[in-house]
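Down below is the structure, laid out as structure tokens.
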Amino acid sequence: MLIHCPYCGPRDSQEFTYRGDANGVRPDPSAEDAQQAFYDYVYLRNNPAGDHLEWWYHGAGCRQWLKVSRNTLTHAIAAVHAARAEDKP
Amino acid sequence: MTSNRLLQPAWRDASPKASYDVIIVGGGGHGLATAYYLAKEHGIRNVAVLERGWIGGGNAGRNTTIIRSNYLLPGNEPFYEWSMRLWEGLEQELNFNMMVSQNGIINLIHSDAQRDAYARRGNAMILNGADARLLDRAEVRERLPFLNYDDARFPIKGGLMQPRAGTARHDGVVWGYARAASALGVDIIQNCEVLDFLHADGRITGVKTTRGDILAKKTGLAVAGSTTRLTSKLGLKMPIESFVLQAFISEGLKPFMRGAFTFGAGHFYCSQTDKGELVFGGDLDGYNSYAQRGNLPVMEDVLEGGVALVPFLSRLRLLRQWAGVCDMTMDGSPIICAGPFPGFYLNAGWNYGGFKATPASGWCFAHTIARDEPHPLSKAYRLDRFRTGHLIDEKGVGAQPNLH
């Protein structure tokens with residue numbers, strides 16, 4: 001599997017570390033419903049059979065975090081972009 | 001001589017009726033065991049097992065056939081030990097040769113810290129009625145003389161052995177349960193994919209399938225890696241991610257080893273089949289996948305680990321390789337419970353350890369469905385433990401399923 005790193009170009013997936021689902025947004029710990037929101041954020045997953053948005057870390061390359069859209073049935077990668085500040089998990 | 005002309009089907013290939021007392025979705029080992037124990041132990045015989053493909057074609061046919069009860073934590077070890085006890089009497093009970101071979105499993109020790117950890121685990125096993133023996137280096141060498149004992153990085157210092165552990169023939173388990181359940185009146189329905197659920201007043205009242213709607217008072221799910229695909233129809237988000245685990249078979253060799261062993265430093269485990277092949281496996285493919293096929297980097301990694309531990313493996317040819325979709329939970333332990341909807345029951349999250357659990361999983365799930373209360377042995381496997389913080393995390397890696 002090749003991941004097209006926006007900094008390094010197409011690189012073998014072995015250079016990357018997988019961190020998982022990138023859909024979750026860290027909840028506000030001071031919110032009223034923080035307990036429920038953190039339970040959802042930490043433990044629950046959509047786990048789709050199809051397109052999946054996920055974090056990959058390019059540890060053996062540019063050491064940047066990437067947000068990758070990959071199909072969990074075919075492993076085809078539709079999009080890769082560098083993680084931005086607003087993507088912070 | 002008779003070209004199999006005299007063989008009869010072992011079980012009825014049923015067509016769906018309009019309604020049942022209980023529907024089990026998933027015709028793997030767990031689903032069939034559940035149906036069998038519902039009929040046998042609880043007298044509920046109006047039961048259907050619905051299978052998308054053919055029975056035993058999922059993870060029941062994609063594992064490395066090891067059975068053991070060498071767990072550490074209180075929520076786990078009594079359950080797996082009960083499973084081991086059921087394995088010990090299963091062939092007699094079902095009158096089916098499942099080739100259960102209790103030749104032991106040895107978890108290798110490579111450091112003092114690991115010996116301490118395994119001594120603790122062995123004590124936990126013994127406290128829960130299982131068997132465990134701490135072997136020194138000479139005792140391991142006597143049993144497994146072909147290992148690389150003096151590797152510079154990971155020398156072998158000893159091992160934790162469970163003598164009663166071993167292997168079982170995976171297809172035999174499926175067929176044995178299927179035949180016994182069918183004989184008690186259970187309908188086994190293949191090529192019947194569940195597409196959605198039927199509801200009435202917030203209650204699950206059956207399933208929509210490719211072979212029509214089927215009503216049921218109770219619907220149980222035992223679909224392993226496909227759990228989320230079905231629970232998502234109910235808007236139920238699960239603490240599960242699906243990953244692929246590979247297994248490998250070498251060419252056949254003369255019998256030279258008994259039982260199974262695991263590498264304590266890399267991730268590699270191995271046993272020899274009755275046909276003489278080595279069957280082995282290692283890590284998950286590291287990313288979410290429903291593909292039922294493995295990737296090459298993990299294959300390379302497993303084989304490297306194998307050759308480091310068993311140098312002569314480098315001379316063997318690989319015969320086959322396969323992969324199953326594992327329902328990895330956030331603490332690495334399974335889920336058996338009623339709910340969260342009335343009429344709905346969950347059996348999921350077996351990670352990559354579901355095969356050995358087959359009998360106890362069926363036993364406890366049948367109890368949960370029949371009596372609407374958790375079985376004492378599986379009461380820790382509730383779905384809401386993730387909300388309440390009562391996790392059963394054997395490895396202590398947290399909510400990162402690809403690390404369990």
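The values are calculated or read from the model by the stated rules, or taken from the named source; none is laboratory data. Small disclaimer: the values here were computed from a predicted structure and weren't measured. Cβ coordinates were reconstructed from backbone atoms using ideal geometry, including for glycine residues, and neighbour counts include every protein chain displayed.
For residues in segment A:18-33 being outside any loop (DSSP other than H, G, I, E, B) and either modelled with pLDDT of 95 or more or under 20 Å from B:Gly235 (Cα atoms) (or both), which is nearest to the other protein chains (Cβ to nearest Cβ)?
A:Tyr18
Give just the number: which of (1) assigned by TED's automatic domain parsing to the domain that holds B:Gly220; (2) touching a helix residue (DSSP H, G or I) at 6+ places or on another chain (Cβ under 9 Å); (3) part of a loop (DSSP other than H, G, I, E, B); (4) surrounded by fewer than 22 Cβ atoms within 10 Å (Cβ to Cβ) does B:Phe355 not satisfy?
That leaves (4) as the condition not met.
Scan (1) surrounded by 15 or more Cβ atoms within 10 Å (Cβ to Cβ); (2) more than 23 Å from B:Cys326 (Cβ to Cβ); (3) within 13 Å of chain B (Cβ to nearest Cβ) for the single condition A:Gly61 breaks and write down its number.
(3)
Under the condition of being under 27 Å from B:Val244 (Cβ atoms) and surrounded by 15 or more Cβ atoms within 10 Å (Cβ to Cβ), which residue from segment B:383-397 is farthest from the other protein chains (Cβ to nearest Cβ)?
B:Glu394
Condition (residue is modelled with pLDDT of 95 or more, under 30 Å from B:Ala399 (Cβ atoms), part of a strand (DSSP E or B) and more than 14 Å from every other protein chain (Cβ to nearest Cβ)) applied to segment B:229-244: is it met by at least one residue?
The answer is no; no qualifying residue exists.
How many residues are among the small types (Gly, Ala, Ser) and either in a strand (DSSP E or B) or outside the structural domain of B:Pro342 (by TED's automatic domain parsing) (or both) when one looks only at segment B:175-228?
Residues in segment B:175-228 being among the small types (Gly, Ala, Ser) and either in a strand (DSSP E or B) or outside the structural domain of B:Pro342 (by TED's automatic domain parsing) (or both): 5 in total.
Filter segment A:1-17 down to residues that are facing another protein chain (nearest Cβ under 9 Å) and in a strand (DSSP E or B) and give me whichever is surrounded by the fewest Cβ atoms within 10 Å (Cβ to Cβ).
Applying the filter and picking the extreme gives A:Asp12.
Between B:Pro359, B:Pro334, which is away from chain A (no Cβ under 14 Å), under 20 Å from the mean Cα position of the chain (by Cα) and within 27 Å of A:Leu53 (Cα to Cα)?
Just a single option satisfies the conditions, and that option is B:Pro334.
Any chance segment A:34-43 includes a residue that's in a loop (DSSP other than H, G, I, E, B) and of a type outside the set (S, T, N, Q)?
Among the residues of segment A:34-43, not one is in a loop (DSSP other than H, G, I, E, B) and of a type outside the set (S, T, N, Q), which makes the answer no.
Do you know which of the residues in segment B:247-304 that are facing another protein chain (nearest Cβ under 10 Å) and part of a loop (DSSP other than H, G, I, E, B) is farthest from the chain's Cα centre (by Cα)?
B:Asn295
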